[in-house]
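The values are calculated or read from the model by the stated rules, or taken from the named source; none is laboratory data. Not measured: the values here are computed from a predicted model. FYI the Cβ positions are ideal-geometry reconstructions off the backbone, even for glycines, and counts take in every protein chain you see. To get the accessible areas, we keep the full protein, side chains included, count just its heavy atoms, and leave off ligands, DNA and RNA. Shrake-Rupley method; radii C 1.70, N 1.55, O 1.52, S 1.80 Å.
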Amino acid sequence: MTSYRLHRPEALRALTRAMITAAGWSEDEAKETAEHLVLANLSGHDSHGIGMLPLYFNSLADGNLKPQAKLSIRTEAGPFLIADGNVALGQPTARNAVDRAIVIARVGGVAVLNLLDSHHIGRIGHYSEVAAAAGLISVFWVNVAGRPPIVAPFAAKEARFGTNPIAIGLPVPGGEPLILDFATSRMAHGKARVALNKGVDVPEGYIIDGEGRPTVEPRHVFAQEGLPLGALLPFGDHKGAGLSLIAELLSAGLMGAARIDQKPHKTWIINSLFGVLIDPARLEPDESLRQQRIESYLSFVRAAAPQDPSQPVLAPGDKERATRIERERDGIPLDDETWSQIVAAAKAHGVDAESF
Ligand code: NAD
């Protein structure tokens, strides 16, 4: 088991900004990426936090992720916004596309967004939080391409899907939004990477090895010389597997964007995103009625007797908010392996990570 150190969020934001600008991106792109990645860590999703930077920097070193690449708009007509991500740095690219869709939804009540072929866009709930802060309901379906398949279809011994995440956000007038955000695999691939870096097993029932046998060793879901790649299992058996298949086709498949069944030949992670943003005032114009209806139902759900009294019944988004309070106070834990990878990636661009 490796050890970890606690880092101040503002230090990690400053380090990320320094790394991203040193590598050739703009201050604005660096700021958005830093906010996004550190918020993922603060939310407890270290799999999508600044531990992703070494991976992005590998893609950059291989010439596959390029600072010059930017979002371009293919179609903007009525509620529809179709944008090409051009494999640009994902967090600012997706934020840009979602911000444009928010403007459309605020004017016309609804926006249908298809962002095609961005580089890895991170924690999808981030975009539901952005939409909810603008008062909008959002539903996002995302695929993961540019990598070998890593999630097995239900009842299969080998992988055919990416971890294809889905996020849904529902603003609550005067309160915190509901943010449901998950990979359609039982465990996000990045969480297996965190377990691998920490030198710990994953729980039983989450992964299979290259022969299709159950295992708790995270190394089986990472390419290893001479060993066939294993797979993550879908959550909810056939139900999660079905959602994953639909996510692939909705986000990328219909429009001919990069798909998981196209053999990857570059070191990158490509996400396409299909999203619908809706102004809830077009459904129920009376804000206080909306608030009252949602809150009365949430109180009913939260009042369910917990199986374990120390584990209260939560609503989607509660856990991330509680972890943010804890980590803002105590710092963000990063294991030694993840930190040393970040230090090396920073050093390659003349940035001393230890000085932040
Ligand atoms: P997870 O299993 O931690 O589930 C998170 C969701 O479940 C949140 O909505 C959370 O509020 C809710 N939740 C957690 N505990 C709860 C409880 N006790 N009671 C009620 N609700 C609870 O998430 P995950 O599948 O590990 O995904 C992690 C992140 O990875 C997500 O942000 C996802 O968007 C991201 N992801 C991104 C990509 C990509 O390619 N960009 C791919 C896969 C996953």
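Scanning segment 152-196 for residues that are in a loop (DSSP other than H, G, I, E, B) and over 26 Å from Q262 (Cα atoms) gives P171, V172, P173, G174, G175, E176, P177.
On inspection, G240 fails the criterion of being among the small types (G, A, S), touching a residue at least 12 places away in the same chain (Cβ under 8 Å) and open to solvent by 20 Å² or more (accessible area, probe 1.4 Å). The set of residues from segment 320-345 being open to solvent by less than 40 Å² (accessible area, probe 1.4 Å) and farther than 17 Å from P9 by Cα comprises just one member, A345. Just so you know, in segment 53-93 the residues that are touching a His at 6+ places or on another chain (Cβ under 7 Å), touching a residue at least 60 places away in the same chain (Cβ under 8 Å) and among the aliphatic types (A, V, I, L, M) include one that is farthest from N114 (Cα to Cα), and it is L65.
May I ask you to verify whether G205 is in a loop (DSSP other than H, G, I, E, B), surrounded by fewer than 18 Cβ atoms within 10 Å (Cβ to Cβ), at positive phi and within 12 Å of the ligand (Cβ to nearest atom)? Spelling it out, it is not the case that G205 is in a loop (DSSP other than H, G, I, E, B), surrounded by fewer than 18 Cβ atoms within 10 Å (Cβ to Cβ), at positive phi and within 12 Å of the ligand (Cβ to nearest atom). Which members of segment 291-317 meet the condition of being exposed (fewer than 11 other Cβ atoms within 10 Å of the Cβ) and either touching a helix residue (DSSP H, G or I) at 6+ places or on another chain (Cβ under 6 Å) or among the hydroxyl-bearing types (S, T, Y) (or both)? Matches in segment 291-317: S296, S299, S310.
The selection criterion, being in contact with an Asp or Glu (Cβ under 9 Å, 6 or more places away or on another chain), open to solvent by 10 Å² or more (accessible area, probe 1.4 Å), β-branched (V, I, T) and assigned to a loop (DSSP other than H, G, I, E, B), holds for T2. Could you please let me know if S288 is more than 30 Å from Y4 (Cα to Cα), touching a Pro at 6+ places or on another chain (Cβ under 8 Å), modelled with pLDDT of 95 or more and loosely packed, with under 12 Cβ neighbours inside 10 Å? Here the answer is yes, as S288 does meet what is asked.
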